[in-house]
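Shown next, in structure tokens, is the structure this report addresses.
The values are calculated or read from the model by the stated rules, or taken from the named source; none is laboratory data. Predicted model, so just to flag it, every value in this text is computed and none were measured. For accessibility, only protein heavy atoms count, side chains too; no ligands or nucleic acids. Shrake-Rupley method; radii C 1.70, N 1.55, O 1.52, S 1.80 Å.
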Amino acid sequence: VCLFTGSTLYGLFLQQIAFMGHDAGHNSVTGHENSDFWLGVIVGNALSGVSVGWWKSTHNTHHIATNSVEDDPDIQHLPIFCFDEKLINEWSTYHEKYMSMDSIMKAMVRYQHWYFYPVLGFARFNLYIQSIIHLIMTYKVVFKKQPKSSRTNIRSDWKFKASQIQWYAEVLTLFTFWALVVTLVCKLGAVNGAICLVWSHFVAGILHVQILLSHVAMDFCQDYKLSHQRSSSNHWDGTSQLAHTDDSEEVQFHEWQALSTMDILTPQCMNWFYGGLQYQLEHHLFPRLHRKNLPKLVPLIDEIMAKHNIPVKRLHFIDANLLVLRHMKRLGQLVADQDNPIGGDGTTKLAAS
């Protein structure tokens, strides 16, 4: 009992401290980039094992190109998950590779709505791996052992902004985190230590659910153009959220954030549990605003969006989960049932469904 109680509390600690790292990464704690970076190194690297440099590189890209199949790394989880059929065989500008899916994974993704939660329960281990990979990849550039001209993609410049002191600090603090983890396991013993790590990380997996809920079942864009047929079949009420009628029309930043982002309705007593992520649209429009001020934006944004006929979606936590699961089930079946999910004209059966 004590082991599972302690492991649960540790998992909640990892979830809650991620919100602090999120605020620091957005420079919304002190408002000063350098101060918030060092705060992020402490709460991100040393206390939770996630590189603040890696987080800034991926999360800033997510904010700039929300739900862009080419550019947003937060939705590029092939071959495990497929959130939109246009992701398949698309070039990822962040990972600098094509996102492919073989026949085995196409058959497996049919059941992605079943293994969605179990995978997210262990997703944190991937963050550890990505943090280490990020520091290895940035070493040569940070220490000027690799000239800028040799980078394969100029869009990757955001990966290489750390100074040498910051790079050393990240390595040292990640080492500190793992030293603490090893000490914990040694104190508990191999078996109890393993149980503690597995259960605590599974509990912390609620954070990944909270993050994905706001975007997975919303609209996606390709080449910064939105497929309106795709949108109209995607939403819970069966109607298109779009104010435009031209399928190739580009939408403005504020409109796109509303189309690709969903808020989660929560009782005030549970605000601590969401760390401000429930106000996802407000956060995406004003990412450096402190979380305590996000609720004040809701009526203001609603008024502006209504004035310009831009829909805003807000669902309760359970309803949002059901929406995401239905979306993943539909996409999984679509991909599994087609030999070639992407047609020569860029359309799929989903557009006609």
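Extent of region 50-107 along its three principal axes (Cα atoms, max minus min coordinate, largest first): 36, 21, 18 Å. Amide H contacts under 5 Å for residue 218: none, restricted to partners 5 or more places along the chain or on a different chain, H placed in the peptide plane at 1.01 Å from N. Classified by the C-alpha gyration tensor, region 1-96 has an oblate form. Its axis ratio a/c, with a ≥ b ≥ c, is 1.5 or above, and a/b does not exceed b/c.
Remark: accessible surface ordering of 2, 82 (largest first) is 2, 82, probe radius 1.4 Å. Computed with a 1.4 Å probe over protein heavy atoms only, the accessible area of residue 182 comes to about 80 Å². Computed on region 1-147, with alpha-carbon pairs under 8 angstrom and 6+ residues apart, the relative contact order is 15 percent. Rolling a 1.4 Å probe across all protein chains gives residue 168 an accessible area of roughly 140 Å².
Accessible area ranking (1.4 Å probe, heavy atoms, ligands and nucleic acids excluded), largest first, for 177, 125: 125, 177. Surface calculation, 1.4 Å probe, protein heavy atoms: residue 184 sits at approximately 60 Å² accessible. Overall shape: oblate for region 163-207, with the ratio a/c of the largest to smallest alpha carbon gyration tensor axis at 1.5 or above and b/c at least equal to a/b. Placing 133, 75 in order of accessible area, with the largest value first and a 1.4 Å probe, yields 133, 75.
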